[in-house]
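The values are calculated or read from the model by the stated rules, or taken from the named source; none is laboratory data. Because the structure is a prediction, the values reported are computed rather than measured. Cβ sites come from the backbone with ideal geometry, for glycine too, and all protein chains shown count toward neighbours. Please note that ligands, DNA and RNA were not included when accessible areas were found on the heavy atoms of the full protein model with its side chains. Shrake-Rupley method; radii C 1.70, N 1.55, O 1.52, S 1.80 Å.
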Amino acid sequence: MQKKLLFLCLFLFVEIITAQQNILSEQAEISVLTIGPGASLNDSFGHNAFRVKDPIKGIDLAFNYGVYDFKAPYFYLKFAQGKLNYLIDWNYYEDFFNDYISQNRSIKEQVLNLSQIEKQKLFDYLLNNMKPENRRYLYDFFYDNCATKIKDVTNIALNNSIQFNDPKDFKPQTFRELIHSNLNRNSWGCFGIDVALGSVIDKKATSEEHMFLPKYIYKFFEVATIKNSNEPLVKKSSVLYEKIDEPIPSQFLTSPLFILGILGCFILFITYNDFKKQKQSVWLDVTLFSLTGIIGILILLLWFATDHKGTHQNYNLLWACALNILVIGQLLKQKTSTWFIKYLKFLVILLCLLTLHWIIGVQVFAIGLIPFLIALFIRYLFLIKYYSNRQ
């Protein structure tokens, strides 16, 4: 009985000490850190984190919601399916700070204008999220990421009393325009995004939806107010590290526009030779139909077989027609079927529809595709004429 009583007393003592350690002092501050873009594609959009600093308790920690759960089973499959959980994690602030300095990424800090109760509530929320059973959340690039979590958690601490105002010179943009603002449009990363993501991201984002990007967390927090008191949300802002500008070497010779431009010229050259000699380079057509068909199948899988919201209604299918895989046999026949000529006309109509979609803004396509699409259009016209003459 005495041993049980001693164990209970020891347990209560540890719990009390732990609870006291987690109680912030009056001098504690909670701030939002905004990290600038990095060199790799997944770092191109920046990052956000909370900083909890309490000089009295010796606390200086960074909490962020942008950690991959590499231990998740079937990690890459879940990533492709849009079913991957991300984690919240913490670092000692000094380590966090030095890590981003070593990457030459800018670091800005906004100290939040919180009462002692609100600071404690936010800190308790973060600590509760750090528990193993609470750490994971289903990541969504546009609606639930490292930036939107900052907005949502801050709002929870303030009982949803934050008034987000539009920053000065704010102009609403589409989700795709917001992505493009962080990328070189003539890069392979941007090219892949424009091919994989559909027209759903070509709608205008609401003011609050702009905050899926870390830089807009900074901009909107800077002018946000607290509804009840009309006081500013941010008490103090500072730049902790300014990125050192470095010369960026030209990558035009390896860019999509240049590579696909070369490919387009090659297709046009073969087509011109075929037209002059009244023959068909079957290997070229089999390659083009296989390539566009496979890409079309992948686009369909992203649309219908994953949980990614941004891959829906993807009109890249107008040039990457999945049906092309099924008609390759017609290219290998000595005498093609009449319906195949109609199918080729159908492909030409699809390319015309793609152009119309692009012009009126239904969907914006990758600029690197332009020379390839022109060459594809001319190749289809040649095949229509070639097969019609053989009927």
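Overview of results
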{"read-out": "In region 190-224, the residues that are open to solvent by less than 10 Å² (accessible area, probe 1.4 Å) and not in a loop (DSSP other than H, G, I, E, B)", "value": "Cys190, Asp194, Ile201, His210, Met211, Phe212, Pro214, Ile217, Phe220, Phe221"}
{"read-out": "Residue list for region 139-189, filter: crowded, with 16+ Cβ neighbours inside 10 Å, more than 18 Å from Gly38 (Cα to Cα) and either over 17 Å from the mean Cα position of the chain (by Cα) or among the charged types (D, E, K, R) (or both)", "value": "Asp140, Asp144, Lys149, Lys151, Val153, Thr154, Ala157, Leu158, Ile162, Phe164, Pro167, Arg176"}
{"read-out": "Positions within region 34-74 being acidic (Asp, Glu) and either surrounded by 21 or more Cβ atoms within 10 Å (Cβ to Cβ) or modelled with pLDDT under 95 (or both), in sequence order", "value": "Asp43, Asp69"}
{"read-out": "Any hit, region 340-349, residues being assigned to a helix (DSSP H, G or I), of a type in the set (Phe, Trp, Tyr) and in contact (Cβ under 8 Å) with a residue 60 or more places away in the chain", "value": "no"}
{"read-out": "Neighbours by Cβ (under 9 Å, 6+ apart or cross-chain): first from region 204-220, β-branched (Val, Ile, Thr); second open to solvent by less than 40 Å² (accessible area, probe 1.4 Å) and not in a helix (DSSP H, G or I)", "value": "Ile217/Val32; Ile217/Thr34; Ile217/Gly46; Ile217/Asn48; Ile217/Gln110"}
{"read-out": "Leading residue by the ranking (farthest from Arg379 (Cα to Cα)) among those in region 305-340 that are surrounded by 15 or more Cβ atoms within 10 Å (Cβ to Cβ) and among the small types (Gly, Ala, Ser)", "value": "Gly310"}
{"read-out": "Residues within region 249-286 that are part of a helix (DSSP H, G or I) and of a type in the set (Gly, Ala, Ser), tallied", "value": "2"}
{"read-out": "Selection from region 291-321 of residues that are at pLDDT below 95 and β-branched (Val, Ile, Thr)", "value": "Thr306"}
{"read-out": "Scan of region 109-144 for residues that are within 24 Å of Lys57 (Cα to Cα) and not in a helix (DSSP H, G or I), ordered by number", "value": "Glu109, Gln110, Val111, Leu112, Asn113, Leu114, Ser115, Met130, Lys131"}
{"read-out": "Scope region 242-268; condition small (Gly, Ala, Ser) and open to solvent by less than 60 Å² (accessible area, probe 1.4 Å); matching residues", "value": "Ser255, Gly261, Gly264"}
{"read-out": "Selection from region 322-337 of residues that are over 15 Å from Trp283 (Cα atoms) and at pLDDT 95 or above", "value": "Ala322, Leu323, Leu326"}
{"read-out": "Residue among Lys227, Lys276 that alone is on the phi < 0 side of the Ramachandran plot, among the basic types (Lys, Arg), open to solvent by 50 Å² or more (accessible area, probe 1.4 Å) and at pLDDT 95 or above", "value": "Lys276"}
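Quick grid of which residues meet (1) surrounded by fewer than 17 Cβ atoms within 10 Å (Cβ to Cβ); (2) under 30 Å from Leu183 (Cα atoms):
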site	(1), (2)
Lys342	yes, no
Lys345	yes, no
Leu354	no, yes
Phe365	no, yes
Gly368	no, yes
Tyr387	no, no
